Amino acid sequence: MAMMQDKLADSRAPAVSPLYDPRIRGLFYQIVTVLALVGIVFVIVTNTADNLRRANISSGFGFLQGRAGFDLGQSLIEYSSDHTYLRALEVGFINTLLVAVVGIALATAVGLVIGIGRLSSNWLIARLCTVYVELFRNIPPLLVIFFWYVTVINILPQVRASIALPLDIFINNRGVYFPKPIFGEGFDFVAIAFVVGIVLSIMHARWVSARQMATGKRAPVLPVVLALIVGLPLVVYFIQGMPLTFDVPTAGKFNLTGGSNIGPEFVSLLLALSLYTAAFIAEIVRAGIRGVPKGQSEAANALGVRPGLAMRLIVIPQALRIIIPPLTSQYLNLIKNSSLAVAIGYADLVAVGGTILNQTGHSIEIVAIWMVFYVTVSLLTSLFMNWFNAKMALVER
Amino acid sequence: MAMVTPFMRTDMLEPEQAPRQESGVIGWLRHNLFGSIFDSVLTILALLFLIALLPPIFEWLFVNATWRGADRSVCATVAQGGTQPDGWSGACWAYVGDYFQQFMYGTYPMDQRWRPSLVAALFVILLAPLLIPKVPHKGWNALALFVVFPIIAAILLLGGVFGLPFVETAMWGGLMVTLIISFVGIAVSLPFGILLALGRRSKMPVIKMLCVAFIELIRGVPLITVLFMASVMLPLFLPAGWTIDKLLRALVGVSIFASAYMAEVIRGGLQAVPKGQYEGADSLGLSYWQKMRLVVMPQAIKLVIPGIVNTFIGMFKDTSLVSIISMYDLLGIVKKSFSDPTWVSPVTSLTGLVFAGTVFWLFCFGMSRYSGFMERHLDTGHKR
């Protein structure tokens, strides 16, 4: 009896040997892991410091202030070989962002068209889109980049025989030449007017939909928006005395002088990245639209909503919920694949970093810069898309 | 009251023919190509596009192509120092034919090329039964393919023992290297991916944090930076005097990268296994590893086989990136051959790329078809 009471009183966890206590075991495993990791890191750091000392390479980011001494094919900011390594990396950073942003826009547009095309009731269009998807997503993107690069170089004419397009645009195997805008004094006001126009348009659109909700009357949107976004900057432009001139490319004997130039590297990289990613986006779009139950579009039909409107107001908003998460990872893939630029010499972050790495031997610092950049961009893109996804997600009661 | 004789038909009438507008070729055309004005416009545009695109491509690939020849003269126009008429352009298959052996084996010694061929044959013999769902003994088969085969393959390819001459990895190349890298990638990434996925779902905070950090870091950066890291930083990490083979560095890079992606695929499978399965295993008194090995993993892996194949397709395509760190995989060796003065001409590079693209496409398309087949095969209709 006393023993039983003793047992009842002892309501703590049953006494087991500490050897079998999961918490103690877990703690032990974690300590062992941390110790092993610290040991490995210590060995690596010692070896690396040793190797660097022998190769006479100082560590740290001080080398970034040195003179670069190499030229870059394309740069949106001022750069010459006399600038520092840091400046060269900035150029690469901007070039990566440029190709990523333009590529994402182009890939989304093409992917959307192809994805909807695959669902078309038109047999020929559906087949063509299927062939496109199966062709592009089964070939390595690097190969596609080389393919476009070689095609651009071989098929487009030499400088002497440039294809002249209207508006002083020339195309040849050194890229696309187009007039370079020179912003005079007072052009800032035009840019400000443009931004103001956009803000006012958004406010107007909100007011219109609020009024429609309240009264059922719909005020005009498109003319007002056009007037605000196009008209307002134009008026400011003329008031300021037209502060915009163009530096037009002119054909010389061996080269085109003046104007701006987009190199064949950028064109082929952009084409390859966006067409490759578009194949994946098309599949995502198709899966998204097919994921919306058929009853939804039938109900819309029954209510007398026109097919185009039904697609825009009923099917697409629901499909977006399915589309956005995988679309985010495709965007991230495109950003990461833009590093393939190094293969054809487009001056992106990896290409510039690779050159610096070869010149200075500061491999650890360069790899660290790359990793920080790409991880940050990935995180920011995921954060934005998660926010967008949360905004779009089904609000359940 | 008059008798009413009800009429009752005694024989069935043949069904009426569907209107000609709705059936047969015309009906099909009306429904599928010319349903509306917009549809008709689209169809005509698509037809025009095909007519503009297909004949020139066909002509370039086959009609104008040169199939035989010993050097660049057959693939260059007179103005370029060749024998073809001016304005000619066509595929130079003669060059692919001349280089075919290199595209497959790299610069592996001529008289030893039976060794990679034998390895390839062995690989196919071991892989085929693993891919066919009906063949039994999958466990032993996988063991043979992923444990025994790599050892035999390494001995055969490297040599240096059993009287086989030693062939250094710098001489390996072509499709052989592409396949080796992707095979090692998948063979290493499967176990490591499983461990990382388990670590990420572990209740031990330190282990979980380490796994999450590793997976997200590697998945956040492009493969090319991981490869650069493996090729320039790995030698720095080793004690002085140690060298590490260039192929091995690429293998390390690809394996690290693939493991992180595989971990996420497998985590998806682990999450899809119902909680009752974990609890059931716990209540039977199974240890953690018994639970995972006997109850959870078999279900999780089965759920994500299509995902694993898709990861593998991605990895197969990504192996082409090793050409950037100057390794001669299929794409690397094709690119290297562009600068060969014997064959250099405006059409050789394009022909080489078309060839490499076709090889990659055949492999990837085959795998994606297989993935689709497995998805249908494994779909037993019990999905919730």
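Is it true that some residue in the range A:53-60 is modelled with pLDDT under 80 and assigned to a helix (DSSP H, G or I)? Step through it out loud before you land on a result.
Just the residues of the range A:53-60 that are modelled with pLDDT under 80, to begin with: A:53-60.
Now restrict to residues that are assigned to a helix (DSSP H, G or I): A:53-54.
Yes.
The set of residues in the range A:181-204 being under 15 Å from A:THR245 (Cα atoms) and either open to solvent by 60 Å² or more (accessible area, probe 1.4 Å) or touching a His at 6+ places or on another chain (Cβ under 8 Å) (or both) consists of A:ILE182, A:PHE183, A:GLU185, A:ASP188. Of the residues making up the range B:109-127, not a single one is over 21 Å from B:VAL177 (Cα atoms) and part of a helix (DSSP H, G or I). Being open to solvent by 100 Å² or more (accessible area, probe 1.4 Å), of a type in the set (Phe, Trp, Tyr) and under 30 Å from A:GLY117 (Cβ atoms) is the requirement here; does B:PHE7 meet it? When the stated conditions are applied, B:PHE7 does not pass them.
In the range B:60-100, the qualifying residues are those that are at pLDDT 80 or above, under 13 Å from B:TRP343 (Cα atoms) and open to solvent by 40 Å² or more (accessible area, probe 1.4 Å), and the one that is farthest from the other protein chains (Cβ to nearest Cβ) is B:ARG68.
Out of the residues in the range B:268-301 meeting the condition of being part of a loop (DSSP other than H, G, I, E, B) and farther than 19 Å from A:PRO22 by Cα, tell me which one is least open to solvent (accessible area, probe 1.4 Å). Steps first, answer last, please.
Our first condition is that a residue be part of a loop (DSSP other than H, G, I, E, B); within the range B:268-301, this holds for B:273-274, B:284-287.
Add one more test, that the residue is farther than 19 Å from A:PRO22 by Cα, and what stays is B:273-274.
Values: B:VAL273: 8, B:PRO274: 53 Å².
Out of the qualifying residues, it is B:VAL273.
Pick from A:ALA88, A:ALA68, A:ALA100: which is closer than 19 Å to A:VAL342 by Cα, buried (at least 17 other Cβ atoms within 10 Å of the Cβ) and modelled with pLDDT under 75? Reasoning before the result, please.
Values: A:ALA88 fails: modelled with pLDDT under 75; A:ALA100 fails: modelled with pLDDT under 75.
That would be A:ALA68, the only listed residue that is closer than 19 Å to A:VAL342 by Cα, buried (at least 17 other Cβ atoms within 10 Å of the Cβ) and modelled with pLDDT under 75.
Scanning the range B:90-118 for residues that are aromatic (Phe, Trp, Tyr) and touching an Asp or Glu at 6+ places or on another chain (Cβ under 9 Å) yields B:TYR95, B:TYR99. Just so you know, in the range A:114-134 the residues that are in contact (Cβ under 8 Å) with a residue 12 or more places away in the chain and open to solvent by 50 Å² or more (accessible area, probe 1.4 Å) include one that is farthest from the other protein chains (Cβ to nearest Cβ), and it is A:LEU119. Evaluating B:LEU362 against the criteria (1) modelled with pLDDT under 85; (2) within 13 Å of another protein chain (Cβ to nearest Cβ); (3) exposed (fewer than 14 other Cβ atoms within 10 Å of the Cβ) leaves one unmet condition, (1). Considering (1) open to solvent by 60 Å² or more (accessible area, probe 1.4 Å); (2) not in a helix (DSSP H, G or I), the lone condition that A:ARG211 does not fulfil carries the number (2). So for the range B:42-59 (the condition being open to solvent by 100 Å² or more (accessible area, probe 1.4 Å), part of a loop (DSSP other than H, G, I, E, B) and closer than 30 Å to B:GLY332 by Cβ), does at least one residue qualify? No - not one qualifying residue is present in the range B:42-59.
Taking the range B:302-325 as the search range and keeping residues that are polar (S, T, N, Q) and within 11 Å of another protein chain (Cβ to nearest Cβ), which one is surrounded by the fewest Cβ atoms within 10 Å (Cβ to Cβ)? Lay out the reasoning, then the answer.
Taking the range B:302-325 first, the residues polar (S, T, N, Q) are B:310-311, B:319-320, B:323.
Narrowing further to those that are within 11 Å of another protein chain (Cβ to nearest Cβ): B:310, B:319-320, B:323.
Values: B:ASN310: 16, B:THR319: 29, B:SER320: 26, B:SER323: 24.
This residue is B:ASN310.
Quick grid of which residues meet (1) away from chain A (no Cβ under 12 Å); (2) closer than 22 Å to A:SER121 by Cα:
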| position | (1), (2) |
| --- | --- |
| B:VAL4 | yes, no |
| B:MET8 | yes, no |
| B:ARG20 | yes, yes |
| B:SER36 | no, yes |
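Within the range B:172-186, residues that are in contact (Cβ under 8 Å) with a residue 60 or more places away in the chain sit with their Cβ atoms under 7 Å from residues that are among the small types (Gly, Ala, Ser) and outside any helix (DSSP H, G or I), at 6+ positions apart or across chains, in these pairs: B:TRP172/B:GLY106; B:GLY173/B:GLY106; B:GLY174/B:GLY106; B:MET176/B:GLY106; B:VAL177/B:GLY106.
When we screen A:LEU379, A:LEU313 for residues that are over 30 Å from A:PRO264 (Cβ atoms), within 14 Å of chain B (Cβ to nearest Cβ) and open to solvent by 20 Å² or more (accessible area, probe 1.4 Å), the only hit is A:LEU379.
Taken together, the residues in the range B:172-203 that are surrounded by fewer than 18 Cβ atoms within 10 Å (Cβ to Cβ) and facing chain A (nearest Cβ under 10 Å) amount to 1. Can you find even one residue in the range A:239-249 that is closer than 25 Å to A:THR151 by Cα and either over 25 Å from the mean Cα position of the chain (by Cα) or in a helix (DSSP H, G or I) (or both)? Yes.
The values are calculated or read from the model by the stated rules, or taken from the named source; none is laboratory data. What you see is a predicted model; the values in this text were computed from it and never measured. Here Cβ is always computed from backbone atoms with ideal geometry, including for glycine, and neighbour counts include all displayed protein chains. In case anyone asks, the SASA skips ligands and DNA or RNA and just uses the protein heavy atoms, side chains included. Shrake-Rupley method; radii C 1.70, N 1.55, O 1.52, S 1.80 Å.
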